[in-house]
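In what follows, a single structure is set out as structure tokens and then discussed.
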Amino acid sequence: MLGRKQSLRGELLPYEVAQEETNNESVGVDWMNKLWMKRLLRMSALLCLCSVSLNTPKTFELYPFLRPITFACDLVTGLLFTAEMVVKINTRTLLKGEDSYLRDRWCLFDTSMLFFLWISVILQALELSALIYNVTLFFLFFMSLYGLLGVQFFGELRNHCILNDTDFEHITVNSLTIPDTYCSMDSSSGYQCPEGTVCIKLKDSRYKLGFNGFDEIATSIFTVYQAFSQEGWVFIMYRAVDTLPAWRAFMYFTTMIFFLSWLVKNVFIAVITETFNEIRVQFQQMWGQRGSQLADIVDARAPIISGDDRGWKLVPTDATRHQYRTVLLFLPVLNSAAFHLLLMAAILANGLFTASMSFKHDGRPRSDFYQQHYYIEVGFTVFFNLEALFKMWCLGFRDYYGRTIYKFELLLVIGTTLHLLPQFYLSVLTYFQVLRVVRLIKASPLLEDFVYKIFGPGKKLGSLIIFTMCLLIITSSISMQLFCFLADFTKFETFPEAFMSMFQILTQEAWVEVMDETMLRTSETIVPIVAVYFILYHLFVTLIVLSLFVAVILDNLELDEDIKKLKQMKAREQSAEIKKTLPRRLRLFEKFPDRPQMTRLHKVPSDFNLPKVRDSFVRQFMLETGDDEDLPIDKSGDDSKGNSKVLYRKKQPLRLLNSVISTYVTGTNQKQNAITGIINESNNQRLLLGDSGPIPIIGTGKQGAAGQKNRQDLKKGGHRSFRGSVKIKQTYEHLKENGDLGAMNRTSTSRRTPDIDIKLLQAKRQQAEMRRNQREEDLRENHPYFDTPLFLVPRESGFRRLCQRMVYARYCPRLKDPITGKERKLHYKRLHNLVGLVTYLDWVMIFVTTLSCLSMMFETPRYRLCDHRELQIAEFGFVVFMSLELGLKILADGLFFTPKALFKDAAGILDLFTFAVGLAMLCWMPKVVPQNSSAQLLLLLRCLRPLRIFILVPHMRKVVCELCRGFKEILLVSILLIVLMFVFASYGVQLYGGRLARCNDSEIKNRDQCVGVFLRKVFVTKMKLAPGENETHPAILVPRVWANPRRFNFDSIGNAMLALFEVLSFKGWLDIRDVLIKTLGPVHAIYIHIFVFLGCMIGLTLFVGVVIANYSENKGTALLTVDQRRWCDLKKRLKIAQPLHLPPRPEGHRFRAFIYDITQHIYFKRFIALMVILNSSLLCVSWREDQAHTSLLATISSCLSFVFVAEVSMKMIAFTPHGYWQSRRNRYDTLVTVMGLVWAITNYTMGNDLSHSFGFVAIILRFFTITGKHATLKMLMLTVVVSVYKSFFIIMGMFLLIFVYALTGCLLFGTVKYGESVGRQANFGSTPRGIIMLFRIVTGEDWYKIMHDCMVLPPFCTPGANYWETDCGNFTAAMIFFCSFYVIITYIVLNLLVAIIMENFSLFYSNEEDALLSYADIRNFQNTWNIVDVNQRGVIPVRKVKFVLRLLKGRLEVDPQKDRLLFKHMCFELERLHNGEDVTFHDVLNMLSYRSVDIRKSLQLEELLAREELEYIIEEEVAKQTIRQWLDSCLKRMKTVNIHDTVCSPPNFFVVFLVSFPSPDVTQFSDSFLLLTEGAQ
């Protein structure tokens, strides 16, 4: 058993407990221990924090009276805490003694800033510092990697198109093109400036050009971090596309988003969640004790049991208190379902009626739009007030107020009643009215349980919300104090402004603008510090705080350990149940009369091996006699008697040898006896042949009694579990050749058996499956047209068999030898598995479908299918191939009324749909396609063709099935978010409907004055360039318009819901905030902040939690306990572990041993790692042929290449070339070293940009070797690599969905006019551009702006006769298109990547204290194996296992002297399982893993039973061997010494013992063997 490493740290006491202990030591000062003093100190700390938040010049300018108040608060707080410190120092001394003031960490925290107190306490409580440090290193590795790549790929991106007549030394805003564009000086790539302009490189300061770019490594990492946050990255990519070849930018930014934003970023979620789970397990006992104390308090309103002659029932105690007869009469009304339905209908009607409120801007006063709603709302309010009074009257006010739900209803009653007052109507009190909708959650028990599961345990979630708010308040105060003195900068002038700015960074919406604007107003020396400050804050709140929300929700969704075990048993019982009935399409044949095809036997049954006699034939033959009541035949479909377990139970072995009943009687008896004889003979032969078909027990009298007795025996012995399956050869494997019939009793019945008999469940499942197969066979026998494709192709015809061979033909990799059963060693094993993944026909159709999709990708609104012959040929080829495929599958398996019909599931329907659409398109080929016509609908349906690959590839089909299985939880989360949006949207309509419209001229405040035209500035560039002398900013004349904001309004519930849905993605909420502040005042900004916090930070994390939980459930890990999950991770970890490809130290060669010691020394490895870092640091600036520093850096890099050549040479000398080449890492090092050597040669011979590019590639490849030199970086890299490998089909599925949406977007919005976000670089003009656009939308980059650009309608666009002749969009189609795409991809599919990363992180991450086998233990075994396996083959003879076991140290250590019996068991286990042949690395490691864990806690039930039985057999065999050896030694001693004393008595006793127990009880036999084994040792 493994010994666990105990933590050396003591338990961390809560802050208040530590304070109490400290205060108890200073009992000399009584007033310090008073409760009022503690509260006063806490209040003083809060007042001090408030004063800090108010202490800015702008605040004092607005509110002068706050200056003396803040001064007084600071003075009083300072005096109080100074007095506390003086008293503590006087009582405990300053330094002298163990309890001195400065030696108490809590006292040190009291004297520090509150911010550092919070951070330190949180880090100590969660113990995250070490692991987060390692993950941060891993994050910095990727940041450095992409920073170096950016420097060498792009360099300075400062090329702009400038007017020809511009003074290049003085560039102004009027010198740029409108809009400003980047350009390329190379005519073969990038964007070329139009006529009249020239492309030049600007050389102004960063304060004008911007702080991002790839000039050098610092700026490059700064830019990479901005792009990693998925904020503004697409504009940087467009700059690179316009300046350099486009492939660089696309490859660089897409891989960076994938690895950094989608993989590495989610590793933080895995770290937080894993650590949170560990903390939960550690503190579970403490929380459990608190919960038990609360449970001991009996609720006075708990229901009690009330009984009478008619039965027992639970009755609430409040129902027994009423003594008034009238109240008792109305209690059934209160508890009736009709009353609750009436309330739910009223609440729903109230919500729908409120949602019908809408506003128009037609000059009418706003009150005209809600006047009628007011009076109807009065009626609803009166109704709900009467409801509350009725409940109070029935229950009494005390009992009514004692229930939480009624408290909430009473609050709504009071709030809505006040809301009806004219001065409060449509005010903040509107919240009480719209919150009535929340009561609808009670209408769905499933939704109510889900809400309670998430928000019921509010301790953790509430604490996290409080922590987040405190963090925001503290950081806002600090930021305000740091930046409130910046000139012309309002974001940090006051505390509300600072709070909104820091909250904006938390949501990641335009957080780069806050940072850039702050940096622009600081000096050059402080700019890096400001950047680091905002980046650290953004890193902490986005990667840790938001991950904590995910961890808390996942923890709430996690089940308790006991509930997991119960659900495991229930899941096993459900898995044993299988659908016993046939599908309805097959049960149709049961409606028709039976027409079996009969046969005549000319031989007696004993002359040949008789096949099984069909039950349908027997039943029909015997039903014709009319005496079926005398023959107890149990039909297979009747389970009412509960005999389903026995119907298909094999007969007893001794009964199989009975002779055939051969009585000769006339009439009914003759028929019964003949049939019984035939069936018995058939069953006997089938048992001997090993058939597993159903065997009905037919008999009368004693046979029936025997069958009933067998059932009782089965029930009594249900706890006995046997190895094997229900098949005859395995069930009756106790029929030994020597006639030993008692071997079946030698099983592990001495073990304590679980509550569920796994064998019984497996037998039940197989019996149910056999029943179903039997019914299918009956239909096949009795109905000639059953299983006949199209009712024309004969069932057993050669033509059908040919079609079946063509349909099901596939490549078989033959991974196991068919004779020996051993795995064959194949090169490129994964390639063989990939080829054998699907049939040859499916491979052909995958290829054809892919070619067809590629041809569709070339179609554009200008290059259409109906006008180009090459596209028509591709379409014709796809339809022809799919016709052949469907024809073969229909002829082989049928269309609908066959067991394996083509249309047996949704996949077949989608195939038919795809074929029908393709055939209709090929036949119609419309040349006139108006917008929103049936022809355009056909083209849109044709875009679904790539989804067929989901059906053809099994793994992708599995991904879809997993998503569909979790649809229920996803639907519940969606309903919750819709309710939340409805509440806030209804509130927004009532408060802001009709009030947000304004004039586009900001100087006009009145609608009557919003007429005429005005000059409006035109946006030119983001650079901070001002007009020159005698110049003005470019502007155009614009007509004044009074209208709502462009992208949102709250005039109706639909528009409000759309606006809030956009806000759910953290996008667009700043526009709503700014409009509310500017139009209605700063107070109304609270509305959108609350919605963002609740909807985004809590609501969206529900999606992450639910998707992860569903993924775990589908993988089978959701119901595993902590120990079982660790065991599963350990098995996967051991499967990945490989023998060390490191030859042992050459003891016989001095020089090689000397070199070997050098290469394995820690200082040598650190030196090589330092050289790798030094070599990579040479790429911190761009290498260009025209730059002076390039030659020097290239020379240094060439010299370092020879250092790596020396490293490889030394390792080859130490390991020999053959031993060196065994390691894949050494092969990679050799490849990179050869490239470096070639680079050194080409640098001296060529020295141009081509050679520099080659050297840059070699250095980057060398940089990857850093991860293999650090254990944690290697673990995290393995997590990412394995996550990419396991998520391959998910990534492919996501790409297919993007491809389908790109084809659809090209048809719907390919010609839409350019707008705010749709432009030259971002549009749906072609499918490739659409893919890039959708990839941008996946990251959330201005997706809502693109959607509104695609919603443009006349008169703001020009209609056309065909969809390619108009530049208009489609409002409804755009809303469905973009919203569905964003939800499916961003909220669901991307969260699957998070689930995979979390799964693989738990696989590779192991805590030394909690791991079953840590990496150190596995490394110890690898080193030991490397010593024994001299030839580095990964295989050793089984006799050498004992050497491996003796050499092991640590947790895996086995002492042959102290643990002799365990040592023998381990050796014999490998000998038994491998028949004395060679054993592999994983064989020994797996055996040690089983012996090193508590199998009762770690193993699941099926695996536990199998392992216990194996261990028992091993114990028994080892005991036998020990006794045999001991007896042999005694006999030899007797013969040699020839003395008959006490030595002779044990052999006689043992012989008598062995002879007297031919079939001993397992418990006695095992115990006796163990005792004798100890004596023999």
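The values are calculated or read from the model by the stated rules, or taken from the named source; none is laboratory data. As the structure is a computational prediction, the values presented were derived from the model and not from experiment. Backbone-built Cβ (ideal geometry, glycine too); neighbour counts: all protein chains shown. Heads up: the accessible areas ignore ligands, DNA and RNA and are worked out on the full protein's heavy atoms, side chains in. Shrake-Rupley method; radii C 1.70, N 1.55, O 1.52, S 1.80 Å.
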(message) Considering all projection directions equally, how large on average is the shadow of the alpha-carbon convex hull of the stretch 1096-1255, in square nanometres?
(response) 16.7 nm²
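Please state, as a whole number in µm²/s, the translational diffusion coefficient that the Stokes-Einstein equation yields for the stretch 1284-1419 at 25 °C and 0.890 mPa s, with Rh defined as the Kirkwood radius across alpha carbon pairs. Don't skip to the end; give the middle numbers.
Numbers: Rh = 17.1 Å.
The calculation lands on 144 µm²/s.
How much FRET efficiency would the formula 1/(1 + (r/R0)^6) give for Met806 and Arg1496, where r is the Cβ-Cβ distance and R0 is 45 Å, rounded to 0.05?
Values: r = 52 Å, r/R0 = 1.15.
Efficiency for this residue pair is about 0.30.
As an exercise, identify the chymotrypsin sites (Phe, Trp or Tyr not before Pro) in the stretch 951-1049 lying in DSSP coil whose Cβ has no more than 15 other Cβ atoms within 10 Å. Mind dumping the intermediate values first?
Working: sites: Phe967, Phe982, Phe984, Tyr987, Tyr992, Phe1014, Phe1019, Trp1042, Phe1048; in loops: Phe1019, Phe1048.
Qualifying residues, ordered by number: Phe1019.
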(request) Restrict the search to the stretch 387-491; then list the trypsin sites (Lys or Arg not before Pro) that DSSP places in a loop and that have at most 16 other Cβ atoms within 10 Å of their Cβ. (result) Arg403
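How high is the FRET efficiency from Ile414 to Asp1074, r the C-beta distance, R0 60 Å, rounded to 0.05?
Working: r = 34 Å, r/R0 = 0.57.
Efficiency, rounded to the nearest 0.05: 0.95.
Computed FRET efficiency, Cβ-Cβ of Ala1206 and Arg587, R0 60 Å: what is it to the nearest 0.05? Walk me through the numbers before you get to the answer.
Numbers: r = 78 Å, r/R0 = 1.30.
After rounding, the FRET efficiency stands at 0.15.
Reported to two decimal places, what Rg/Rh ratio describes the stretch 351-472 when computed on Cα atoms with Rh from the Kirkwood expression? All intermediate terms of the calculation are to be shown ahead of the outcome.
Numbers: Rg = 18.1 Å, Rh = 17.2 Å.
Using Cα coordinates only, the ratio equals 1.05.
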(request) State the extension gain, in nm to one decimal, for the chain segment bounded by Gln481 and Val960, taking 0.36 nm per residue of separation less the distance between their alpha-carbons. (result) 167.2 nm
(message) How far apart, in nanometres, would the label points at Asp594 and Asn1475 be if each is projected 7 angstrom from Cα along the Cα-to-Cβ direction?
(response) 4.7 nm
(message) Rolling a 1.4 Å sphere over the protein heavy atoms, what is the accessible area per residue of the stretch 936-987, to the nearest Å²?
(response) 40 Å²
(message) What's the magnitude of the charge dipole for the stretch 1211-1360 around its Cα centre, counting Lys and Arg as +1 and Asp and Glu as -1 at the beta-carbon? Answer in Debye, nearest 20.
(response) 600 debye
(request) Could you work out the equivalent-ellipsoid semi-axes for the stretch 1353-1494, taking the square root of 5 times each eigenvalue of the Cα gyration tensor, largest first, in whole Å? (result) 64, 17, 12
(message) Which residue, Val1104, Ala1118, Cys1128, has the largest displacement toward the positive end of the dipole of the stretch 1099-1142 when charges sit on each Cβ (Lys, Arg +1; Asp, Glu -1)?
(response) Cys1128
(request) For Phe1264 paired with His170, estimate the spin-label separation in nm (one decimal), with each label point 7 Å from Cα along the Cα-to-Cβ line. (result) 5.4 nm
(request) With unit charges on the beta carbon (Lys/Arg positive, Asp/Glu negative), name the residue among Tyr1244, Val1181, Ile1168 whose Cα is farthest towards the positive pole of the charge dipole of the stretch 1104-1249. (result) Ile1168
(request) Give me the distance in nm between label points sitting 7 Å out from Cα along the Cα-to-Cβ direction at Asp1367 and Arg42, one decimal. (result) 6.5 nm
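Give, rounded to the nearest 20 debye, the magnitude of the charge dipole that the stretch 877-1012 has about its Cα centre when Lys and Arg contribute +1 at Cβ and Asp and Glu contribute -1 at Cβ.
On the way: 15 positive and 9 negative charges, 24 e Å.
In debye, rounded to 20, the stretch 877-1012 gives about 120.
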(request) Report the paramagnetic label zone for Glu448: residues of the stretch 938-974 whose backbone N is under 18 Å from a point 7 Å from Cα along the Cα-to-Cβ axis. (result) 972-973
(message) In the stretch 138-160, whose amide N lies under 17 Å from the spot 7 Å out along Cα-to-Cβ of Ile1162? List them in ranges.
(response) none
(request) Let me know the whole percent of all Cα-Cα pairs from the stretch 860-931 that are separated by more than 17 Å. (result) 52 percent
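Go through the stretch 1349-1408 and name the chymotrypsin sites (Phe, Trp or Tyr not before Pro) that are in a DSSP coil and have 16 or fewer other Cβ atoms within 10 Å of their Cβ. Mind showing how you got there, number by number?
Values: sites: Phe1356, Tyr1363, Trp1364, Phe1371, Phe1377, Phe1378, Phe1381, Tyr1382, Tyr1387, Phe1401, Phe1404, Tyr1405; in loops: Phe1356, Tyr1405.
For chymotrypsin sites (Phe, Trp or Tyr not before Pro) across the stretch 1349-1408 that sit outside H, G, I, E and B with at most 16 neighbouring Cβ atoms in 10 Å, the list reads Phe1356.
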(message) Can you give the local net charge around Lys360? Use residues other than it whose beta-carbon is closer than 15 angstrom to its beta-carbon, Lys and Arg +1, Asp and Glu -1.
(response) +1
(request) Sort Ser547, Ser188 by accessible area with a 1.4 Å probe, largest first. (result) Ser188, Ser547
(request) Work out Dmax and Rg for the stretch 903-998 from the C-alpha atoms and quote the Rg first, both in angstrom. (result) 21.2, 59
(request) State to the nearest 20 debye the size of the charge dipole of the stretch 773-930 about its Cα centre, where the only charges are +1 on K and R beta carbons and -1 on D and E beta carbons. (result) 680 debye
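Pairwise over distinct Cα atoms, reciprocal of the mean inverse distance: report the Kirkwood radius of the stretch 947-1066 in Å, one decimal place.
On the way: mean 1/r = 0.0517 Å⁻¹.
When all Cα pairs of the stretch 947-1066 are included, the Kirkwood radius is 19.3 Å.
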(request) Select from Phe1299, Gly1268, Ile1332 the residue farthest towards the positive end of the dipole of the stretch 1266-1360; place +1 on Cβ of Lys and Arg, -1 on Cβ of Asp and Glu, and compute about the Cα centre. (result) Gly1268
